[in-house]
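Since every read-out is calculated from the coordinates, none of them should be taken as a lab result. Only a predicted model underlies this, so the values are computations on that prediction, with no experimental measurement involved. Cβ atoms come from the backbone with ideal geometry, glycine included; neighbour counts cover every protein chain shown.
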Amino acid sequence: MNLLIIEDEEQAAKKLRRILKDLLPNAFMHGALESVEDAVEWIKDNPNPDLIFMDIHLADGLSFEIFTKIEVSSPVIFTTAYDQYALRAFKLNSVDYLLKPIEKEELEKALKKYETHFSKPKWPEGSNQRYITTKTDYENKYKQRFISKIGDKIVAVNTEDIVFAYSENRATYLKNEDGKNFLVDFSLEQLENLLDPEMFFRLNRQYISRFEGIEKMVSYSNSRLKIWLKHCDNADIVLSREKTRLFKEWIDR
């Protein structure tokens, strides 16, 4: 399950992450994003998360501005210290409207509402309404190999041999350690959900890479990173500011 947190208060974000980690131990959390600008940029560059947790007062304005700048398809749980925005929130993709300080019980109820109305049921009986996915289920959701056609031949590419994936001319390719390309019948967005996010990172609209696929990275202007990939001629892979922050969190584990 992919979650996006949009919250400009550091302590509130930490508390929300802590509760979510307890309730959804296998969820992958992105953020926290602190501004309308960062949120719009992230949503443009990434597949829709399963659920968004969104504060209303952000560093550069109200989070409602996000909806006017870009289409938000994911359901949203609003988290705020103000109750006057409830009606406006429920006119959007709202699952629930939680007032700060966020309590675990209230958040659990909101997640139950999300499961009931926006997702397939995942609350096993007798589990204290907790979202549970076993370690085996979590591991098995990601592909171990991909099928690719080279001429008349069908070959299998093990996921562990992939250094990066990329899209070009409406086609998607896998690149292995030897620099060979393998055409696959998936979009880059589909691949992102099929590859383990612990091992692979979405750099931008065109590339997904594992850490071993990175040849060099240097600091770039405006707090960004420039990255070179192994066996890749494209020297213009520049991460956005928000993507740079998330990338640093991903490698610094």
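In this rough spin-label picture, where each label sits 7 Å from Cα along the Cβ direction, the residue 94-residue 106 distance is 1.3 nm. Rounded to 0.05, the FRET efficiency of the residue 45 and residue 152 pair, given R0 = 51 Å and the Cβ-Cβ distance, is 0.85. Taken over region 2-136, the convex hull of the Cα atoms encloses 107 Å³ per residue. Compared with the dominant Cα axis of the chain, that is its longest principal axis, helix 241-251 is turned about 70°.
Sorting 45, 185 by the number of Cβ atoms found within 10 Å of their own Cβ, with the fewest placed first, yields 185, 45. For residue 196 and residue 238, the difference between the fully extended length at 0.36 nm per residue and the C-alpha to C-alpha distance is 12.9 nm. Phi angles across region 7-13 convert, under the Karplus curve 6.51 cos²θ - 1.76 cosθ + 1.60 with θ = phi - 60°, into 3J(HN,Hα) values of 7, 9, 9, 4, 5, 5, 5 Hz, Gly and Pro given as x.
Centre-to-centre, using Cα atoms only, region 191-229 and region 7-85 are separated by 23 Å. For the chain, a Kirkwood hydrodynamic radius built from all Cα pairs, placed in the Stokes-Einstein relation at 37 °C and 0.692 mPa s, yields a translational diffusion coefficient of 166 µm²/s.
Among 165, 211, 223, whose Cα lies farthest out toward the positive end of the dipole of region 143-251, if unit charges sit on the beta carbon of Lys, Arg (+1) and Asp, Glu (-1)? Of the listed residues, the answer is 223.
Toward the positive end of the charge dipole of region 27-98, with +1 on the Cβ of Lys and Arg and -1 on the Cβ of Asp and Glu, the farthest Cα among 29, 66, 85 is that of 85. A straight chain from residue 248 to residue 59 at 0.36 nm per residue would run longer than the Cα-Cα distance by 65.9 nm. Relative to the longest principal axis of the Cα atoms of the chain, the long axis of helix 36-45 makes an angle of roughly 40 degrees.
Maximal additional length on extending the residue 187-residue 223 stretch stands at 10.0 nm, based on 0.36 nm per residue less the C-alpha distance. Volume per residue of the convex hull around the Cα atoms, evaluated for region 187-253, comes out as 90 Å³. Does region 143-251 come out rounded, prolate or oblate by the C-alpha gyration tensor, with a ≥ b ≥ c the root eigenvalues, rounded set by a/c under 1.5 and, if not, prolate when a/b is larger than b/c and oblate if not? It comes out prolate by the Cα gyration axes.
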